[in-house]
Amino acid sequence: MERTIGFKERRYIEELRILTKSTAIDCLMDERFDRIIYVIRPGDMGLAIGKKGENIRRMQKVLGKKIEMVEYSESPDEFIANMFRPALLSTVKKDDAGRVSIVLQKRSDLGLAIGKGGANVEKARLLFRRFFGSELGEILSSGDGT
């Protein structure tokens, strides 16, 4: 899928590289939730976060926005799992219309997966559309009651 990165996004990616020595593949600005979402190169997530999250806190101070990071993966299933972390996914289903539905392992992770005001779902929707050109469907629990 072809993605374009604007001047502002490039500037934020470079700022991340300077402050954390990690590499971002992409950067999205989510005005609705006043945040910047970085897609981090596989293997660079620990470097990007820093010890006890110090790099994220420093980036938030410098940029004046909330910072979120997702580790990239070529596999759509793995990328979705990274978007919803720390909630654990059971399966990822694709319907006839091409929409992708997520099934969580535990019902108790449903709130964590959705996020405050739907922030995590919105992040996943934006990233999945941008990287794989598909729409995100429903988020379900496996119904085990835990």
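Using a simple charge model, +1 on the beta-carbon of Lys and Arg, -1 on the beta-carbon of Asp and Glu, nothing else, what dipole does the range 7-71 show about its Cα centre, in debye to the nearest 20?
Working: 15 positive and 11 negative charges, 63 e Å.
Using only the charged Cβ atoms, the result is roughly 300 debye.
As a footprinting exposure proxy, order Lys8, Lys65, Lys123 by other Cβ within 10 Å, with the fewest listed first. Kindly include the intermediate steps, with their values, before the conclusion.
Values: Lys8 11, Lys65 16, Lys123 20.
Final ranking by Cβ density, sparse to dense: Lys8, Lys65, Lys123.
In this structure, Lys106 and Asp34 have a Cβ-Cβ separation that, at R0 = 30 Å, corresponds to a calculated FRET efficiency of about 0.50. When only Cα pairs below 8 angstrom with a gap of at least 6 residues are kept, the chain shows a relative contact order of 18 percent.
Residue pairs exceeding 32 angstrom between C-alpha atoms, taken from Lys51/Lys93; Lys52/Lys94; Lys65/Lys94; Lys52/Lys93; Lys8/Lys116: Lys51/Lys93; Lys52/Lys94; Lys65/Lys94; Lys52/Lys93. Per-residue Cβ neighbour counts within 10 Å put Thr91, Thr4, Thr23 in the sequence Thr4, Thr91, Thr23, beginning with the fewest. Can you tell which of Ile13, Gln60, Leu28 lies farthest toward the positive end of the dipole of the range 7-71, using +1 and -1 charges on the Cβ of basic and acidic side chains (Lys, Arg; Asp, Glu)? Of the options given, the answer is Gln60. Across the range 17-89, the mean sequence separation of Cα contacts (distance under 8 Å, 6 or more residues apart), normalised by length, yields a relative contact order of 28 percent.
What fraction of the DSSP beta bridges in the chain is antiparallel, stated in percent and rounded to the nearest 5?
The antiparallel proportion sits near 50 percent.
Each of [x] 44, 34, 29; [y] 67, 50, 25; [z] 57, 38, 28 is a candidate for Cα extents along the principal axes in Å; the one calculated from this structure is [x].
All of the numbers you see were taken from the coordinates with simple rules; none came from a lab. No experiment lies behind these values; they were computed from the predicted model shown. For neighbour counting, all protein chains shown are included, and Cβ atoms are generated from backbone atoms with ideal geometry for every residue, glycine included.
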